[in-house]
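Right, one structure below, let's go through it.
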Ligand SMILES: Nc1ncnc2c1ncn2[C@@H]1O[C@H](COP(=O)(O)OP(=O)(O)O)[C@@H](O)[C@H]1O
Ligand SMILES: [Mg+2]
């Protein structure tokens, strides 16, 4: 594996490639094979290593038996021709030795099969272990990679990379150890037997046939791999398109774009169709060519042997043996095209996986990083500047303090950089200049694990796991008791909603939590953060998805949770943060104002104008509600319409 290069933290992150196909260019076959070795010869698993050794022993014995079969066949044939009754006489009895030869032939064939099965079993254990170990490594690594990496890549594509790589390992082990190595061994044995019973000319014929055969097979397979790659690409493409389209089911309906989606999917499938047909066509070329080359070699050696029989230098048994041996050799050779193709294919599939493993996490713990020690939980941003992409600065020289145990609010127009501040504090990204500290410790100097354990986040868009409500709340702290989970649900005001569900806490929330409303999802997210109980709390428009009635209720809960905790609130509705100890007003990535609500109103700047605009809107809403209520009381509207 190549050494990891860490980008210096002060500079911009290196631009990462955006497509999975770019990744495969960075690894090659040899690094893949080298990378695979520790998985098939696993350190610390002497049992598995023993299996590998046993498998090789069985493999050699199996091949020795294999090569004995045509020899026994030859001996039997020679005996039979020698004991043929002369014309006109009645036949004799089958001698014991000949019966023995025929029985040995049958036994040899059975043993060949049985030994192969035993060998397969040994290798399967090793192979499956390698699949599991490598998958676990990759999965863990994927979670280490940056948020940027995951935002730029398509999850459907990633999961298929893992799926394919698992198949790739299996293929390489199966094809390499179970086909390639045994075939080479068999070829060597065939040559030895030919030298003993025939002469070097036969060896030359068989070897050159095999070499020509292999050359043709590899060249044709190379061509087929190109086609196969195209097939993979279009398959990937069609798949991500389908997943994306189905994830956006509602959006597709909003815009009536079902046909556009179908066309897009169909276009990708058309590419696949074309490549798939070419794959079959090329298979025909490969098979025919292989058969032609091998048959020529076999015919030639049989012709030589036949001449030898007539000349008296060889027996009929020799003639029969050379045919039996060649046909026997053809069987594994016939697989060589597939072996080559599958091994290459396995390598291609694994390349992407290994390239993923070599992808450096953008945010990494410093060597010897210590755990964050939270004494009071004071946060400080010092001249922080940050950009997601080099040429578009998002935060510009931001400085502020969140004193321990206080609540500081960040407000400002959409796109001002509010959520970016929370992502930086959580260290999803490293900043380009300045410093972010918690109790005087730079977030880049402590371990990510300890930093993230200290911060509870209720994000702007909550996504839930496709599991039960119970599972999603308990996710906040997996060792929480039932009573604690219910307490957290109560604090987040979701308990009454759960009580109305027929399955209560065991209700499934659907993929990404889509079966819950925005408000319900948000409250589940609040409950799981309450359960986590961190010293620092970060609420990113945590109540923006709620109606104002529910918002008031939850606000109480949030205020209670926030008490005695350092809290950073990103607020959409200003009415929810009037009591904040300090309010930061962000506009276009700059901190334009800060102070308490009263101070900022006094100042009559951006905050004051945002405030009056929201007040007006709220007043209008209240008046409307009042008017409706009066109308209802007067009987003009049915009370149901008010809901
Ligand atoms: N992962 C990202 N890559 C590039 N730009 C981003 C990314 N996330 C957010 N931005 C941009 O950064 C700006 C600030 O975003 P954000 O902090 O989410 O704003 P808000 O104040 O609404 O929370 C926006 O203009 C947004 O387009
Ligand atoms: Mg935001």
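The values are calculated or read from the model by the stated rules, or taken from the named source; none is laboratory data. Fair warning: this is a prediction, and the values are worked out from it, not measured in the lab. Glycine gets a Cβ as well: all are built from the backbone with ideal geometry, and neighbour counts include every protein chain shown.
Out of 99, 89, 77, 31, which single residue is within 30 Å of residue 315 (Cα to Cα), at pLDDT below 85 and in the same structural domain as residue 197 (by TED's automatic domain parsing)?
Numbers: 89 fails: in the same structural domain as residue 197 (by TED's automatic domain parsing); 77 fails: at pLDDT below 85; 31 fails: within 30 Å of residue 315 (Cα to Cα).
Of the residues listed, the single one that is within 30 Å of residue 315 (Cα to Cα), at pLDDT below 85 and in the same structural domain as residue 197 (by TED's automatic domain parsing) is 99.
Regarding segment 270-283, can at least one residue be identified that is touching a residue at least 60 places away in the same chain (Cβ under 8 Å) and in a helix (DSSP H, G or I)?
yes
Regarding residue 385, is this residue within 16 Å of ligand 2 (Cβ to nearest atom) and at negative phi?
Working: within 16 Å of ligand 2 (Cβ to nearest atom): no; at negative phi: yes.
Taking the combined requirement at face value, the residue does not satisfy it.
Return the residues of segment 195-221 that are assigned to a helix (DSSP H, G or I) and without any contact (Cβ under 8 Å) to a residue 40 or more places away in the chain; say none if nothing qualifies.
195, 196, 200, 203, 204, 207, 211, 215, 219
Quick check: anything in segment 495-508 out of contact with any helix residue (DSSP H, G or I) (no Cβ under 7 Å at 6 or more places or on another chain) and under 30 Å from residue 618 (Cα atoms)?
For segment 495-508, residues out of contact with any helix residue (DSSP H, G or I) (no Cβ under 7 Å at 6 or more places or on another chain) and under 30 Å from residue 618 (Cα atoms): present.
In the list 489, 499, 525, which residue meets the criterion of being in a helix (DSSP H, G or I), touching a residue at least 60 places away in the same chain (Cβ under 8 Å) and more than 16 Å from ligand 1 (Cβ to nearest atom)?
Working: 489 fails: touching a residue at least 60 places away in the same chain (Cβ under 8 Å); 499 fails: touching a residue at least 60 places away in the same chain (Cβ under 8 Å).
Unique residue meeting the criteria: 525.
Looking at (1) at pLDDT below 90; (2) in contact with a strand residue (DSSP E or B) (Cβ under 8 Å, 6 or more places away or on another chain); (3) surrounded by 21 or more Cβ atoms within 10 Å (Cβ to Cβ), find the lone condition where residue 583 falls short.
The failed condition is (1).
Does segment 97-116 hold any residues that are surrounded by 13 or more Cβ atoms within 10 Å (Cβ to Cβ) and in contact (Cβ under 8 Å) with a residue 12 or more places away in the chain, and which are they?
Of everything in segment 97-116, those that are surrounded by 13 or more Cβ atoms within 10 Å (Cβ to Cβ) and in contact (Cβ under 8 Å) with a residue 12 or more places away in the chain turn out to be 98, 101, 102, 104, 105, 108, 109, 111, 112, 115, 116.
Which condition from (1) more than 15 Å from ligand 2 (Cβ to nearest atom); (2) closer than 30 Å to residue 496 by Cα; (3) assigned to a strand (DSSP E or B) is the one that residue 569 breaks?
Here residue 569 clears every test but (1).
Only one of (1) crowded, with 16+ Cβ neighbours inside 10 Å; (2) over 30 Å from residue 161 (Cα atoms); (3) touching a helix residue (DSSP H, G or I) at 6+ places or on another chain (Cβ under 8 Å) fails for residue 327. Which number is that?
(1)
If I ask for residues that are within 13 Å of ligand 2 (Cβ to nearest atom) and crowded, with 16+ Cβ neighbours inside 10 Å, which ones from segment 396-423 would you list?
Scanning segment 396-423 gives 410, 411, 412, 416, 417, 418, 419, 420, 421, 422, 423.
Looking at residue 380 and the list (1) away from ligand 2 (no atom under 16 Å from the Cβ); (2) over 24 Å from residue 594 (Cα atoms), which single condition is not satisfied?
(2)
Output the number of residues of segment 312-359 satisfying the condition of being farther than 17 Å from residue 134 by Cα and touching a residue at least 12 places away in the same chain (Cβ under 8 Å).
Matching residues across segment 312-359 total 31.
Considering each of 205, 200 in turn, give the residue that is under 26 Å from residue 323 (Cβ atoms), touching a helix residue (DSSP H, G or I) at 6+ places or on another chain (Cβ under 7 Å) and at pLDDT 90 or above.
Being under 26 Å from residue 323 (Cβ atoms), touching a helix residue (DSSP H, G or I) at 6+ places or on another chain (Cβ under 7 Å) and at pLDDT 90 or above holds for just one of 205, 200, which is 205.
Name, by its number, the condition in (1) more than 16 Å from ligand 2 (Cβ to nearest atom); (2) buried (at least 19 other Cβ atoms within 10 Å of the Cβ); (3) more than 17 Å from residue 590 (Cα to Cα) that does not hold for residue 458.
Of (1) more than 16 Å from ligand 2 (Cβ to nearest atom); (2) buried (at least 19 other Cβ atoms within 10 Å of the Cβ); (3) more than 17 Å from residue 590 (Cα to Cα), only one is false for residue 458: (1).
It is to be established whether one or more residues within segment 463-476 are within 16 Å of ligand 2 (Cβ to nearest atom) and at pLDDT below 90.
The answer is yes, given that some residue of segment 463-476 is within 16 Å of ligand 2 (Cβ to nearest atom) and at pLDDT below 90.
Does residue 531 meet the test of being crowded, with 20+ Cβ neighbours inside 10 Å, within 37 Å of the chain's Cα centre (by Cα) and outside any helix (DSSP H, G or I)?
Here the answer is no, as residue 531 does not meet what is asked.
Please state which of the following conditions residue 36 fails to meet, knowing it meets all the rest: (1) modelled with pLDDT of 85 or more; (2) closer than 19 Å to residue 181 by Cβ.
With respect to (1) modelled with pLDDT of 85 or more; (2) closer than 19 Å to residue 181 by Cβ, residue 36 is out only on (1).
How many residues does segment 577-601 contain that are more than 16 Å from ligand 1 (Cβ to nearest atom) and either in a loop (DSSP other than H, G, I, E, B) or free of Cβ contacts under 8 Å to residues at least 60 places away in the same chain (or both)?
11
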